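Take a look at the structure below.
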Amino acid sequence: MENVRNVVIIGSGCAGHTAALYTARANLKPLLLEGHEPGGQLSLTTLVENFPGFPEGIQGPELVENMRKQATRFGAEYKHGHVTSADLSQRPFKLHVSHEVVHTKTLIIASGASARWLGLPHEQQLIGHGVSSCATCDGFFFSGKEIVVIGGGDSAMEEATFLTRFATKVTIIHRRESFRASKIMLERAQNNPKIQFLTDTVVEDVYDVNHKEVTGLKLRNVKTGKVWDFPTSALFLGIGHIPNAKIFEGQLDADADGYLKTTKYVFTKVHGVYACGDVQDRRYRQAITAAGTGCMAALEAEKFLEEQGS
Ligand code: NAP
């Protein structure tokens, strides 16, 4: 078979770029397929202050662009394209990418997870300007301000509790009266004097797109139908993430929420197929941990190819 790649990497976030860098430096000439959201979640953030090596911080999109340039310098090939299906039943693995078929001896899945958004009319325009899905990334920017967190699960409780380090007040807004968060995390939030709760309430829109910053929310009580404006400086979403792993359904193991299951960090159940970054990590979800597992996947792919004598 002609044109069989050594390594194909799906996804262009931190995990994918790091896997590309390592496999390129191992002279494996990797092909990275960028997917629908080039740059991954980092491309949606502004200043990244917790990636080591940048004492003044770095803009998220600049950080991923730097990673891309670094991998390209060593021969990694990047291609726009979304993988629509994969056949992992035999090697070389077969991927359908847009209208093309790509064959590869090893596959590194770094397709990430996409934050779940509310779908408000002005939500997307204010991402990075007060609308965020990552408290660890963006909480610091709202020191001394009032913040809203949406959700009733552990993520929302965790984010709200974390955000009280910066905010003067955090309001958790939840669409129901009862919470699916674990008892301990809910109680921690309930016992925090800086946190207040608004239940049976949904957000209808976020202001103010004209000023390119969040100034408030339009809320609706689902029981009474009352609609009112609620001032706030930031809207954090803690309503879950969706791992981008649907195309592997039935071929790779995933947990109940669709996160790929891995053993020894990056091994999937198919030899030669590795998963790294947020598509297999529901716990840490940090740029640096994604980069770390991207590196591990690359080293394993390299070892596998060596063992296969290719
Ligand atoms: P989750 O448990 O699925 O909770 C999502 C929350 O968002 C739910 O309360 C849900 O409301 C709400 N929600 C979803 N879509 C919404 C929408 N369109 N509008 C308004 N609200 C919406 O997700 P998660 O909190 O991210 O947790 C996921 C998993 O990770 C859980 O197993 C959790 O235990 C775990 N986790 C653990 C920790 C920890 O232990 N430190 C931290 C974070 C997450 P409903 O309740 O009405 O459905």
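The values are calculated or read from the model by the stated rules, or taken from the named source; none is laboratory data. Predicted, not measured: the structure shown is a model, and the values here were computed from it. Cβ sites come from the backbone with ideal geometry, for glycine too, and all protein chains shown count toward neighbours. Surface areas here come from the heavy atoms of the whole protein model, side chains and all, with no ligands, DNA or RNA. Shrake-Rupley method; radii C 1.70, N 1.55, O 1.52, S 1.80 Å.
Quickly run through the stretch 173-198 and pick out the residues that are touching a residue at least 24 places away in the same chain (Cβ under 8 Å) and either under 13 Å from residue 234 (Cβ atoms) or near the ligand (Cβ under 10 Å from one of its atoms) (or both). Listed by number, the residues that qualify are 173, 174, 175, 176, 178, 179, 180, 181, 182, 185. Here's a check for you: in the stretch 83-97, which residue that is touching a residue at least 24 places away in the same chain (Cβ under 8 Å) and assigned to a loop (DSSP other than H, G, I, E, B) is surrounded by the fewest Cβ atoms within 10 Å (Cβ to Cβ)? Of everything passing the filter in the stretch 83-97, 89 is surrounded by the fewest Cβ atoms within 10 Å (Cβ to Cβ). Return a yes/no flag: does the stretch 98-108 have any residue that is open to solvent by less than 40 Å² (accessible area, probe 1.4 Å) and at pLDDT below 95. No, every residue in the stretch 98-108 fails to be open to solvent by less than 40 Å² (accessible area, probe 1.4 Å) and at pLDDT below 95. Within the stretch 128-153, the set of residues being within 14 Å of the ligand (Cβ to nearest atom) and in contact with a Ser or Thr (Cβ under 6 Å, 6 or more places away or on another chain) comprises 148 only.
Test residue 98 against the criterion of being among the hydroxyl-bearing types (Ser, Thr, Tyr) and farther than 17 Å from residue 37 by Cβ, and give yes or no. Lay out the reasoning, then the answer.
On the way: among the hydroxyl-bearing types (Ser, Thr, Tyr): yes; farther than 17 Å from residue 37 by Cβ: no.
Here the answer is no, as residue 98 does not meet what is asked.
Whether any residue in the stretch 113-125 is among the charged types (D, E, K, R) and open to solvent by 70 Å² or more (accessible area, probe 1.4 Å) is what I want to check. For the stretch 113-125, residues among the charged types (D, E, K, R) and open to solvent by 70 Å² or more (accessible area, probe 1.4 Å): present. Among strands (runs of 3 or more DSSP E) entirely within the stretch 229-298, having at least 3 residues that are within 16 Å of the ligand (Cβ to nearest atom) singles out 234-237, 241-243. When residue 50 is tested against (1) assigned to a loop (DSSP other than H, G, I, E, B); (2) closer than 23 Å to residue 305 by Cα, exactly one condition is not met: (2). Filter the stretch 154-168 for residues that are among the charged types (D, E, K, R) and within 10 Å of the ligand (Cβ to nearest atom); which is least open to solvent (accessible area, probe 1.4 Å)? My answer is 159.
Quick one: how many residues across the stretch 189-225 are under 25 Å from the mean Cα position of the chain (by Cα), among the β-branched types (Val, Ile, Thr) and open to solvent by less than 30 Å² (accessible area, probe 1.4 Å)? Of the residues in the stretch 189-225, 3 are under 25 Å from the mean Cα position of the chain (by Cα), among the β-branched types (Val, Ile, Thr) and open to solvent by less than 30 Å² (accessible area, probe 1.4 Å).
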